[in-house]
Amino acid sequence: MVRGIVLPDVIAAVISILQTDTDVTALTGQHVAAGVLPRVASAIPEVPEGDPRHWNMPDYAILIRRAGGRGSDIYTDMHYARIDVRCFGPGNTLNVRRRTADDLWRTVHPVLCPPQTYGLQMGGHFKRTLIHSIEQEAEPIPLQEEGTDWPLVLCSYIVTYAGGRLAA
């Protein structure tokens, strides 16, 4: 057993990136009680309906989930996580919810993969994780959350990050 070694949390790092972006939080922070984080998480919170952290869906929300990826490079200690970003949107009809889910993805994507023409690069120190890059793996896919009438846009990304956990 190796004591004191904890791998970086790449999902928490990506959630942090999205929760601190003003354009993303302008959408995912709508209808959220004061002091409660915007609706960006790895899972919908399992809290009772009266709890301020409860997500009333459908609404603007983002779920970030691990989806595999290739193994780490043992020589450079670089890790390659494949993540699925699921964007949901509000609306009174199915078509409006589809459109707003797509609007949210089009807001999220440039945060994760800044256009090269702007000279911006994704990377940095987030939640004790050193992210080198985030790259879109495939085109977004419009889907519907199973068992609900919540349309979503699913897009997969590859996050390249260092294996060593950074100090707080």
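Where a number appears in this text, it was derived from the coordinates with a stated rule and is not lab data. All values reported here derive from a predicted model rather than from experimental measurement. Quick reminder, even Gly has a Cβ in these numbers, built from the backbone with ideal geometry, and neighbours come from all protein chains shown.
Descriptive notes on the structure:
- Per-residue HN-Hα couplings for the range 45-60 [Karplus 6.51, -1.76, 1.60; θ = phi - 60°; Hz; x = Gly/Pro]: x, 9, 10, x, 4, x, 5, x, 7, 5, 8, 7, 9, x, 7, 5
- Neighbour-count order for 47, 85, fewest beta carbons within 10 angstrom listed first: 47, 85
- Folded to 0 to 90 degrees: helix 94-112 orientation relative to the chain principal axis, Cα: 30
- GNM remark for the chain: springs join alpha carbons under 10 Å apart, and the peak mean-square fluctuation among 17, 64, 141 falls on 141.
- Put in line by how crowded their Cβ is, counting other Cβ atoms within 10 Å and starting with the fewest, 111, 36, 153 read 36, 111, 153.
- Unit charges on C-beta of K, R, D, E only; dipole of the range 1-132, Debye: 220
- The local environment of residue 106, defined by Cβ-Cβ distances under 14 Å, has a net charge of -3 under the rule Lys, Arg +1 and Asp, Glu -1.
- Angle in degrees between helix 10-19 and the longest Cα principal axis of the chain, rounded to the nearest 10: 50
- The trypsin sites (Lys or Arg not before Pro) of the range 54-139 that meet both conditions, a loop assignment by DSSP and at most 11 other Cβ atoms within 10 Å of the site Cβ, are 70.
- GNM flexibility winner over the chain from 12, 43, 101 (Cα, springs under 10 Å): 43
- Exposure proxy order (Cβ contacts within 10 Å, fewest to most) of 132, 109: 132, 109
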